[in-house]
Amino acid sequence: MSADLPPLVVPRWLVSGEPGWTTSADVVVVGSGIAGLTTALRLRQRVDRVLLVTKTVLSEGSTQWAQGGIAAALDPADSPQEHLHDTLVAGCGICDVPAVAALVHEGPARVRELVALGAEFDLDEEGELRLTREGGHHRDRIAHAGGDATGKEISRALIAALHAVQDDPGIEVIEHALVVDLLQDADARVCGVTLHVIGEGQIDGVGAALARAVVLATGGLGQVYSATTNPSVATGDGLAAALRAGAVLADVEFVQFHPTVLWLGEGSSGQQPLISEAVRGEGAFLVDRDGVRFMQGRHPLADLAPRDVVSRAIVDRMHETGEHHVFLDARHLGREFLEQRFPSIVARCRELGFDPAVDLLPVAPAQHYASGGVRTDLVGRASLDGLYACGEVSCTGVHGANRLASNSLLEGLVFAHRIADDISARLAAGELPAVDPAPAPAGTALLDGSARLRVQATMTAGAGAVRSAASLAEAADTLVELADAATSGEPGPDSWETTNLLHVGQVLTLAASLREETRGGHVRSDHPELVDPGWRGHTLLVRGADGTVTTSFEPVPEQDLS
């Protein structure tokens with residue numbers, strides 16, 4: 001594989017001071033979404049000491065933003081095999097089938113365990129889980145809570161369980177903690193993290209959290225773009241730290257752009273209001289400025305086609321009409337139904353001056369989910385010994401080129417269990433002994449926080465919803481220019497996050513340049529042919545000892561998607 005881009009060199013360390021304090025645990029879990037919380041809870045049942053590190057507070061992990069629900073074959077009329085098929089189709093031929101099989105077969109039990117833990121999902125008149133449908137699913141298999149507040153309810157239940165054991169000295173939570181880099185011993189085994197507790201001590205002060213294993217559950221990279229549905233903390237910290245440490249990354253070019261994000265006008269940036277796919281699942285549909293339902297005939301599932309199909313159709317229609325958005329029509333669903341089924345969405349729209357019961361809602365695609373990440377095996381192990389990854393920061397192979405709606409929460413649940421079980425077994429077998437980190441040399445680069453908007457604008461224009469060789473080359477040149485200037489940043493959260501976005505943007509741009517086809521969330525205007533068989537596989541990237549990022553290609557066996 002080769003791209004017409006200069007070699008990419010990424011530094012090993014961010015600039016930070018020597019750790020001013022040290023703590024230790026059997027396992028450090030970084031992140032408090034569904035992946036991190038589930039991993040920490042299950043580990044605590046089996047190991048003596050767990051440290052859970054979260055960037056804000058426990059209740060503000062990315063999981064709380066999940067509106068649609070959690071997918072699992074819970075209906076007797078449904079089956080894991082059907083769920084597997086829908087996932088493979090959405091993934092456009094490059095899902096790892098064993099990983100998807102684990103997801104769909106173990107998923108129902110994991111969801112029922114959430115119910116036993118106290119998560120209160122919406123029920124039907126018979127007291128059974130009320131299941132709905134979203135894009136790409138051929139069955140009603142989406143469980144939700146509070147209408148459109150599933151993630152928030154799951155987080156609440158998990159956090160309540162976590163608080164129940166917090167008085168036990170065997171579990172510790174550090175909030176407002178930004179992980180800066182991974183620590184490694186002389187053999188490159190991951191043995192901890194450096195982190196900065198925001199608001200405490202010096203602005204550039206860091207500590208060291210040592211452990212026999214580190215689990216990254218740091219969520220996504222949405223803030224690398226100007227507009228995203230991700231919260232402000234989603235700056236790709238875990239992915240960037242793993243990259244710098246030498247972990248293999250996979251499929252980072254596959255970035256899902258959610259088709260229906262409320263359009264707030266030109267220049268609007270940061271986290272944007274998501275209009276859940278579940279709204280279309282209940283019967284809303286897309287129209288252009290002339291009221292034409294342009295998804296009809298575009299795909300057999302029309303408005304409920306997989307997200308990449310819908311996003312691409314919206315982009316095409318915007319180009320045809322010269323508009324910056326299309327419209328979502330939910331008016332026919334009625335005020336009473338909308339307020340009951342989607343209370344959070346309706347309230348947010350009204351705050352912003354739109355009423356779904358009477359108004360067409362202007363919508364356009366915005367970055368939503370990263371299907372790639374730190375490459376892991378079926379038990380969540382990364383390529384570096386001692387390192388695990390779970391949730392959106394990972395690439396388990398479940399999502400392929402495009403995540404099937406509501407599979408993300410399920411992936412976090414299923415693989416968190418697998419990771420906790422594997423770490424527990426390895427600790428018991430003495431396979432993860434405590435080791436000392438090797439001395440870390442001084443960091444060599446740090447981008448000033450003032451450059452963040454330029455990174456975001458560059459990625460949006462060059463590696464956004466639609467890409468080309470020319471746009472990617474221009475983006476790469478700008479990012480190199482920024483990297484070359486990354487010497488003036490003062491150590492601190494803003495500069496660390498901005499540098500993480502730079503590093504994530506560079507590897508994403510490189511991977512997108514390599515893949516000369518259109519597949520799933522990766523749309524190339526100069527290679528519009530959908531799914532070139534020659535590209536049926538994973539794009540792998542790894543930083544070598546000299547800092548140079550090398551790439552390789554891992555073919556995936558052909559799948560029957562009929």
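Return only the number of the condition from (1) surrounded by 22 or more Cβ atoms within 10 Å (Cβ to Cβ); (2) at pLDDT 95 or above; (3) out of contact with any helix residue (DSSP H, G or I) (no Cβ under 6 Å at 6 or more places or on another chain) that Leu286 does not satisfy.
The failed condition is (3).
Just need a number here: residues in segment 364-382 that are hydrophobic (A, V, I, L, M, F, W, C), touching a Ser or Thr at 6+ places or on another chain (Cβ under 8 Å), surrounded by 23 or more Cβ atoms within 10 Å (Cβ to Cβ) and at pLDDT 95 or above.
Count: 2.
In segment 69-84, which residue that is over 20 Å from the mean Cα position of the chain (by Cα) and touching a residue at least 40 places away in the same chain (Cβ under 8 Å) is nearest to Gly521 (Cα to Cα)?
His83
Looking at the structure I just gave you, is Glu490 over 25 Å from the mean Cα position of the chain (by Cα) and within 25 Å of Thr228 (Cα to Cα)?
So Glu490 fails the test.
Are any of the residues in segment 490-497 touching a Leu at 6+ places or on another chain (Cβ under 8 Å), modelled with pLDDT under 95, in a loop (DSSP other than H, G, I, E, B) and not assigned by TED's automatic domain parsing to the domain that holds His299?
Checking segment 490-497: at least one residue is touching a Leu at 6+ places or on another chain (Cβ under 8 Å), modelled with pLDDT under 95, in a loop (DSSP other than H, G, I, E, B) and not assigned by TED's automatic domain parsing to the domain that holds His299.
Which strands (runs of 3 or more DSSP E) does segment 163-265 wholly contain that include 2 or more residues that are surrounded by fewer than 22 Cβ atoms within 10 Å (Cβ to Cβ)?
171-174, 207-216
Is it the case that segment 211-220 has a residue that's of a type outside the set (S, T, N, Q) and under 16 Å from Gln456 (Cα atoms)?
The answer is yes, given that some residue of segment 211-220 is of a type outside the set (S, T, N, Q) and under 16 Å from Gln456 (Cα atoms).
Considering segment 266-279 alone, what residues qualify as being under 14 Å from Ile314 (Cβ atoms) and assigned to a strand (DSSP E or B)?
none
Within segment 324-340, identify whether any single residue is under 21 Å from Gly91 (Cβ atoms), without any contact (Cβ under 8 Å) to a residue 40 or more places away in the chain and not acidic (Asp, Glu), and answer yes or no.
No: segment 324-340 contains no residue that is under 21 Å from Gly91 (Cβ atoms), without any contact (Cβ under 8 Å) to a residue 40 or more places away in the chain and not acidic (Asp, Glu).
Which of the residues belonging to segment 388-404 are in a loop (DSSP other than H, G, I, E, B) and β-branched (Val, Ile, Thr)?
Passing the criteria: Thr396, Val398.
Answer yes if at least one residue in segment 350-358 is modelled with pLDDT of 90 or more, closer than 25 Å to Asn407 by Cα and out of contact with any Gly (no Cβ under 7 Å at 6 or more places or on another chain), and no otherwise.
So far as segment 350-358 goes, no, none of its residues is modelled with pLDDT of 90 or more, closer than 25 Å to Asn407 by Cα and out of contact with any Gly (no Cβ under 7 Å at 6 or more places or on another chain).
State all residues of segment 45-60 that are part of a loop (DSSP other than H, G, I, E, B), surrounded by fewer than 23 Cβ atoms within 10 Å (Cβ to Cβ) and not basic (Lys, Arg); if no residue qualifies, say none.
If the condition is that a residue be part of a loop (DSSP other than H, G, I, E, B), surrounded by fewer than 23 Cβ atoms within 10 Å (Cβ to Cβ) and not basic (Lys, Arg), then Gln45, Val47, Asp48, Thr56, Val57 are the ones that fit.
Rundown of residues vs (1) at pLDDT 95 or above; (2) out of contact with any strand residue (DSSP E or B) (no Cβ under 9 Å at 6 or more places or on another chain), yes/no style:
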site	(1), (2)
Gly246	yes, no
Ala250	yes, no
Leu264	no, no
Pro300	no, yes
Leu304	no, yes
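In this structure, does Val455 turn out to be touching a residue at least 12 places away in the same chain (Cβ under 8 Å), hydrophobic (A, V, I, L, M, F, W, C) and not in a loop (DSSP other than H, G, I, E, B)?
yes
Given the structure, is Ser226 within 30 Å of Val466 (Cα to Cα) and without any contact (Cβ under 8 Å) to a residue 40 or more places away in the chain?
No; evaluated as a whole, the condition is false for this residue.
Within segment 345-354, how many residues turn out to be farther than 26 Å from Gly391 by Cβ and either surrounded by 14 or more Cβ atoms within 10 Å (Cβ to Cβ) or basic (Lys, Arg) (or both)?
4
So for segment 250-263 (the condition being farther than 29 Å from Leu413 by Cα and more than 24 Å from the chain's Cα centre (by Cα)), does at least one residue qualify?
There is no residue in segment 250-263 that is farther than 29 Å from Leu413 by Cα and more than 24 Å from the chain's Cα centre (by Cα).
Please find, among Val173, Val224, Val190, Val214, the residue that is on the phi < 0 side of the Ramachandran plot, modelled with pLDDT of 95 or more and more than 19 Å from the chain's Cα centre (by Cα).
Val190
Any chance segment 405-413 includes a residue that's crowded, with 22+ Cβ neighbours inside 10 Å, assigned by TED's automatic domain parsing to the domain that holds Arg110, on the phi < 0 side of the Ramachandran plot and in a loop (DSSP other than H, G, I, E, B)?
Checking segment 405-413: at least one residue is crowded, with 22+ Cβ neighbours inside 10 Å, assigned by TED's automatic domain parsing to the domain that holds Arg110, on the phi < 0 side of the Ramachandran plot and in a loop (DSSP other than H, G, I, E, B).
Hey, can you tell me all the residues within segment 1-44 that are buried (at least 19 other Cβ atoms within 10 Å of the Cβ), outside any helix (DSSP H, G or I) and of a type in the set (S, T, N, Q)?
Scanning segment 1-44 gives Ser16, Ser32.
For segment 314-344, what are the residues that are surrounded by fewer than 20 Cβ atoms within 10 Å (Cβ to Cβ) and of a type in the set (Gly, Ala, Ser)?
Gly322, Gly334, Ser344
The values are calculated or read from the model by the stated rules, or taken from the named source; none is laboratory data. Bear in mind that the values here come from a model prediction, so they are computed numbers and not experimental data. For neighbour counting, all protein chains shown are included, and Cβ atoms are generated from backbone atoms with ideal geometry for every residue, glycine included.
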